[in-house]
Amino acid sequence: MSKIEIIRGDITLLNIDAIVNAANRSLLGGGGVDGTIHRAAGSELLKACELLNGCSTGQAKITPGFRLPARYVIHTVGPVWRDGKHGESELLSSCYHQCLKLAVENNISTIAFPNISTGVYGFPKEQAVIIALETVQHFLGENPEIEQVLFCCFDKGNFDIYNTLLNSNIMIEKVISYEDILITADLAVKIWNEHYVPIIGQEQVNYMVSTFQSPGAIENQINNEHYEYYILYHQSEPSGYFAIKQSGDELFLSKLYVLKEKRGAGLGKEGFRFISRKAKESGLLRITLTVNINNINSIKAYEKLGFKNDGPVIADIGNGFVMDDFKMSFEF
Ligand code: ADP
């Protein structure tokens, strides 16, 4: 966490190993931060860029910094925001990842990013910040040689969003690797035991955890059933998780759980904000979920978030067990 710093100002003034340029595909300069970097680095930068043959969206290329205090400029091309359905999030994440990868390859240990794509390219700012933080934190976890990452915000809007998110100490990370799956399965055992034993009993909890939340079951849901799992971190500790799945014009919120000791830190709320943003971004009409009819606290919490109760559903979950649930939905 401490390797990341948020500052406000002009990125071209930073005395650091590398600054990142939010360039366009030609790499031949443009407006915004790109224009400022070219002006500050001098015409040699343009000459160096002319030799690079442009750059695809989501990729990155490196040049010296020339007259800049920074030794290098890493040029990356952010996605133009259209409607969120054209891979914008993945491409933006790729920009951060590719820049950091180039940094490691060039022995760069301190690097500053502008808020890629959030200017002329129109990427929603809060979403861009979440992607930037997620991608960078994930990379730092695996590449300790990077010593410092600065997010250099030019406008107050971006600066405030970074600080709010970092001060809340909440991070949301998509479950991708097997290691992430093991973290999720471990959280599931803890949370289901502390939360569901009083509601459905130990025997059913054991059955459900081993059938639906074992590492293998989670892996299968992700790879074959189109579920996306996310881990909620609080102060860098795995503290909860959620799973979602798109079905028609709905987003099915399959799970959203927080460890008992972490309740009250705003994790559920932040998770739900992320989920509803994602649903809206994909043009979906509602979020649906099922919740056990005896799970009074969760029902209340969902009602507080704006869900309405659509009535009871009974699900046969095998092995002689049934779940008496309410179906709830949140309309946009
Ligand atoms: P994009 O086309 O990727 O959206 P822009 O340059 O239009 O790129 O904007 C990206 C971000 O860079 C915006 O948040 C903008 O406020 C910021 N920005 C503009 N000038 C500078 C600068 N000199 N230093 C740091 N950030 C800057």
### Query
Just how far, in whole angstrom, is segment 77-96 from segment 174-215 if you go by their alpha carbon centroids?
33 Å
### Query
Using only the Cα atoms, what convex hull volume per residue in Å³ does segment 4-168 have?
98 Å³
### Low-density loop positions, GluC sites (Glu not before Pro), segment 49-157 - DSSP coil, at most 15 other Cβ in 10 Å
Glu145, Glu147
### Query
Taking a threshold of 21 Å on the Cα-Cα distance, which of the pairs Lys280/Lys300; Lys304/Lys327; Lys156/Lys280 fall above it?
Lys280/Lys300; Lys156/Lys280
### Query
Reachable lysines from Lys61, Cα under 25 Å, same-chain residues fewer than 8 places away excluded?
Lys3, Lys47, Lys101, Lys125
### Task
May I ask you to evaluate 6.51 cos²θ - 1.76 cosθ + 1.60, the Karplus curve with θ = phi - 60°, for each residue of segment 95-103 and list the ³J(HN,Hα) values in order in whole Hz, giving x for glycine and proline?
4, 5, 5, 5, 4, 5, 5, 4, 4
### Summary
Note, Ser26: beta-carbon cut-off 15 Å, +1 each Lys/Arg, -1 each Asp/Glu, net +1
### Query
Using only the Cα atoms of segment 57-138, what do you get for the radius of gyration and for Dmax, in Å?
12.8, 39
### Estimated vicinal HN-Hα couplings, Hz - segment 157-173 in sequence order (Karplus 6.51, -1.76, 1.60; Gly, Pro = x)
x, 5, 4, 5, 5, 4, 5, 4, 5, 5, 5, 6, 6, 10, 10, 10, 10
### Summary
Normalised per residue, the volume inside the convex hull of the alpha-carbon atoms of the chain in Å³ amounts to 132 Å³
### Query
If you plug each phi of segment 239-247 into the Karplus form 6.51 cos²θ - 1.76 cosθ + 1.60 with θ = phi - 60°, what whole-Hz ³J(HN,Hα) values come out, in order, with x for Gly and Pro?
10, x, 7, 8, 9, 9, 8, 7, 9
### Query
Roughly what % of DSSP beta bridges within segment 4-168 run antiparallel, to the nearest 5?
25 percent
### Query
Rg to Rh for segment 227-275: what is it, with Cα atoms only and Rh by Kirkwood?
1.01
### Three-way shape call for segment 174-331 based on the alpha-carbon gyration tensor, with the a/c threshold at 1.5
rounded
### Summary
Sorted by chain and number, the residues with a modelled amide H under 5 Å from that of Asn106, at a separation of 5 or more or across chains, are none
### Task
List the relative contact order of segment 174-331 as a percent without decimals, with contacts defined as Cα pairs under 8 Å and 6+ residues apart.
16 percent
### Query
Relative contact order (percent) for the chain, with alpha-carbon contacts under 8 angstrom and 6 or more residues of separation?
13 percent
### Task
Would you mind checking which residues have amide H under 5 Å from Asn21's amide H? H placed 1.01 Å from N; only 5 or more apart, or other chain.
Ile74, His75, Thr76
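Each reported figure results from applying straightforward, stated rules to the coordinates on display, with no laboratory input. Bear in mind that the values here come from a model prediction, so they are computed numbers and not experimental data. Quick reminder, even Gly has a Cβ in these numbers, built from the backbone with ideal geometry, and neighbours come from all protein chains shown.
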